[in-house]
Amino acid sequence: MMLPDVVGIALAGFLAWLLATAGVHKLRHPAQFSELAAQYLPQPLRPLWRDQLVSPVGILEVAIALALLLPQTRAAAALLAATLLTGYALMMAWQLAQGRRDLRCGCAGPASDVLVSPALVLRNLLTAALTLLLALPAGPFAVSASGILLALCMAGFLIGLYLAAEQLISNSQHMVKSR
């Protein structure tokens with residue numbers, strides 16, 4: 001099975017946006033992300049995260065985003081991205097299993113007020129599965145200008161869908177709080 005080039009470009013564009021946005025948030029606001037992410041880790045690992053890992057993770061996310069845009073590195077970058085997204089989902093799922101439903105996700109940056117939830121875990125796992133499609137062999141990279149335009153529109157649609165899901169999850173949490 002081969003992934004059509006237009007679909008590959010669209011998925012790569014969406015995922016590059018997602019990871020670049022996440023990485024830039026971490027790099028622009030390292031203190032907020034250090035504190036937020038440290039809450040997900042066992043106590044002995046928190047100082048390591050705060051002192052040494054938040055910037056490298058942000059750089060890794062941006063590097064993966066850039067690698068997704070290059071056909072030569074797309075498959076390997078997709079595997080890294082899927083691993084990262086699955087890791088984030090597992091960290092959230094672990095916290096939920098421990099009864100911690102008071103943690104902010106941080107998915108949309110430091111100003112995000114979305115709390116970890118089963119819906120966020122599912123969203124991350126679905127995004128990771130979608131990412132794995134980019135690991136499929138692609139055909140020869142020969143897309144016309146109209147194909148690239150279509151791919152950009154598809155990527156924009158996926159970005160809008162992702163943002164809408166984020167907003168729906170946030171809205172549902174606010175509705176539950178107000179009851």
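Once you have a ≥ b ≥ c as the square roots of the Cα gyration tensor eigenvalues for the range 112-167, tell me rounded if a/c is under 1.5, and otherwise prolate or oblate according to whether a/b is larger than b/c. Here the range 112-167 falls in the oblate category. The simple spin-label model puts a point 7 Å past each Cα toward its Cβ; for residue 153 and residue 94 those points are separated by 4.4 nm.
Net charge dipole, the range 49-105: roughly 140 debye, given to the nearest 20, about the Cα centre with Cβ charges of +1 for Lys and Arg and -1 for Asp and Glu. Would you look at the GNM of the chain, springs on alpha carbons closer than 10 Å, and say which of 146, 117, 55 moves the most? Maximum fluctuation in the GNM of the chain, among the listed residues, is at 146. Charge dipole of the chain (Cα centre as origin; +1 on each Lys and Arg Cβ, -1 on each Asp and Glu Cβ, all else neutral): 400 debye, rounded to the nearest 20.
Largest accessible area first, the listed residues 14, 157 line up as 157, 14 when surface is computed with a 1.4 Å probe on the assembled protein chains.
State which helices in the chain qualify, where a helix is a whole DSSP H run, it must extend 15 Å or more along its own axis by its Cα atoms, and its mean Kyte-Doolittle hydropathy must be at least 0.5.
Working: long enough: 5-28 (33 Å, 1.25); 54-68 (21 Å, 2.14); 74-97 (33 Å, 1.28); 118-132 (21 Å, 1.43); 145-178 (49 Å, 1.05).
The answer, listed by residue number, is 5-28, 54-68, 74-97, 118-132, 145-178.
Please give the length that would be gained between residue 24 and residue 129 if that part of the chain were fully extended, namely 0.36 nm times their separation in residues minus their C-alpha to C-alpha distance (nm, one decimal). Spell out each step's value before the answer.
Details: separation 105, 0.36 × 105 = 37.80 nm, distance 2.32 nm.
In short, 35.5 nm is gained.
At a threshold of 8 angstrom on Cα-Cα distance, excluding pairs fewer than six apart, so keeping six or more, what relative contact order does the chain reach in percent? All intermediate terms of the calculation are to be shown ahead of the outcome.
Details: 222 pairs, mean separation 61.8, N = 179.
It rounds to 35 percent for the chain.
Only protein atoms count toward the accessible area here, which uses a 1.4 Å probe; on the chain, the carbon and sulfur part of that area reaches 73 percent.
Result for the chain in a Gaussian network model with C-alpha springs under 10 Å: among 45, 60, 96, the largest mean-square fluctuation is at 45.
Listed options for Cα Rg over 2.2 N^0.38 Å are (i) 1.57; (ii) 1.02; (iii) 1.08. The value calculated from this structure is the one marked (iii).
Note on the chain: with a GNM built from Cα contacts shorter than 10 Å, the maximum mean-square fluctuation among 104, 74, 46 falls on 46.
Return one whole number: the accessible area per residue of the chain in Å², for a 1.4 Å probe. If you can, show how the numbers build up before the last one.
Values: 9620 Å² over 179 residues.
That works out to 54 Å² for each residue.
Tell me, what is the FRET efficiency for residue 164 and residue 113 to the nearest 0.05, using R0 = 22 angstrom and their Cβ-Cβ distance as r?
Working: r = 17 Å, r/R0 = 0.76.
Given R0 = 22 Å and the Cβ-Cβ separation, E is 0.85.
Among 76-83, 148-155, 5-12, 164-171, how do they line up from the highest to the lowest mean number of other beta-carbon atoms within 10 Å? Working shown, then result.
Working: 76-83: 20.0, 148-155: 16.0, 5-12: 21.5, 164-171: 14.4.
Taking the mean over residues of other Cβ atoms within 10 Å, the ranking is 5-12, 76-83, 148-155, 164-171.
The values are calculated or read from the model by the stated rules, or taken from the named source; none is laboratory data. These numbers were taken from a predicted model, which means no experiment stands behind them. Glycine gets a Cβ as well: all are built from the backbone with ideal geometry, and neighbour counts include every protein chain shown. Each accessible area value is taken on the protein alone, full model and side chains, heavy atoms only, with ligands, DNA and RNA left out. Shrake-Rupley method; radii C 1.70, N 1.55, O 1.52, S 1.80 Å.
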